[in-house]
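Structure first, then comments.
The values are calculated or read from the model by the stated rules, or taken from the named source; none is laboratory data. Every value quoted in this text rests on a predicted model; they were computed, and no experiment measured them. For neighbour counting, all protein chains shown are included, and Cβ atoms are generated from backbone atoms with ideal geometry for every residue, glycine included. Surface accessibility is based on the protein's heavy atoms, side chains included, excluding ligands, DNA and RNA. Shrake-Rupley method; radii C 1.70, N 1.55, O 1.52, S 1.80 Å.
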Amino acid sequence: MMRCILACDLKGGIVVRGVKGERDRYRPISESSTIVGTSIPEEVIKAIRPKETYIADLDRITGAGGNLGTIASLSRFTRTMSDTGASTLHDVEETRKVSDAVILGTETASMELIRECQGKGVYVSLDMKHGKMMSRDPVFNAGPIGSLKMLNEVDLAGIILLDVGRVGSGEGIDLEMMKNAVSMSKHKVIAGGGVRDVDDLLSLEKCGADGAIIASAVHFGKVPLEMLRG
C-alpha cells in the first residue's frame, strides 16, 4: 500500500484545519474532527499515531512567528517532514535540527536554494492554488509540469504536488496531473490536497503516486487510522 502521511497544519501553536488555502479562516482541528477532541499538537499525534506526518508551520510560512519547538516535540512520536517556509540556508538548517526531513516549498524557496540544499533529506513541494503555481521565483512560472522537468536535475527525496485550493474542499484529486507528473518525473511523487476517501487513495496508487498527504479524510473518518500507522 502507498504511503499515507498525516497533514498537520500548525498556526498559533495549535493544529488547525486547512480549507482551500484560506489561511485567515483556518479553525482549530477539534472543532471539526470526529477523531480527536483537542487541537494541542502533541495530543493530536498521540491519538492518531501516524507513522509519518507532514507539518506545515503556517506561522513561519506567513512570517507570523514559528513553531520549531513544537515540531521538535512531534518528531519524538512520528517521522516528520516539515515545511517551515524556508527561504535561506539558515532556515533549512534550523528545520533540519527539529525535523526528520525538510520540505522546500516553492511558495517561499527559490530554485537556487533547492539546488544548494538538494539531498536525500529534502523534498520539494510544488505549491499551487487551483493548478496555478505559488512562487516568488519566476523560474516556476513554467508551471507544475515545467517545474518538474527542472527538478529532474536535482537530487531529492521526493516531490510533493500540493494544491492548497483543494485542501479540505472535498473536490477530489487531479488525477490527470498526477499521471503526467509520475510519467515524467524521475522522483517519487506525493499527492497533497483533495483526498476524500480510500477510493481516492486507490486511484492515486494506480497512477503510480508514492504517497498521499491527508487530513480532512482522516478527521472525518473516511480513511482508517490503520492506513496511517503502517
With label points set 7 Å from each Cα along the Cα-to-Cβ direction at Met150 and Arg229, the distance between them in nm comes to 4.3 nm
When volume of the Cα convex hull per residue in Å³ is calculated directly from the model, which label among [x] 120; [y] 103; [z] 177 fits? [y]
Protein accessible area in the stretch 104-162, 1.4 Å probe - carbon and sulfur %: 48 percent
Just to be sure I understand the model, the point goes 7 Å from the Cα along the line to the Cβ. What's the resulting Arg136 to Asp197 distance in nm? 4.1 nm
Using the heavy atoms of the protein chains and a 1.4 angstrom probe, tell me the accessible area per residue for the stretch 27-90 in square angstrom. 43 Å²
If exposed means GluC sites (Glu not before Pro) lying in a DSSP loop and surrounded by at most 14 other beta carbons within 10 Å, then the longest stretch of the chain lacking such sites spans residues 23-152
Looking at the chain, identify the longest residue range that excludes and avoids all trypsin sites (Lys or Arg not before Pro) in DSSP loops having at most 16 other Cβ atoms within 10 Å. 77-135
Could you tell me the number of lysine pairs in the stretch 86-230 with C-alpha atoms less than 23 Å from each other, where the two lysines are 8 or more residues apart or belong to different chains? 20
One checks the Cα atoms of the stretch 1-48 and finds Rg and Dmax, in Å, of 11.1, 35
If Rh is defined by the Kirkwood formula over all Cα pairs and Rg also comes from Cα, what ratio Rg/Rh do you get for the stretch 104-230? 0.97
Antiparallel DSSP beta bridges within the chain, as percent of all bridges there, nearest 5: 15 percent
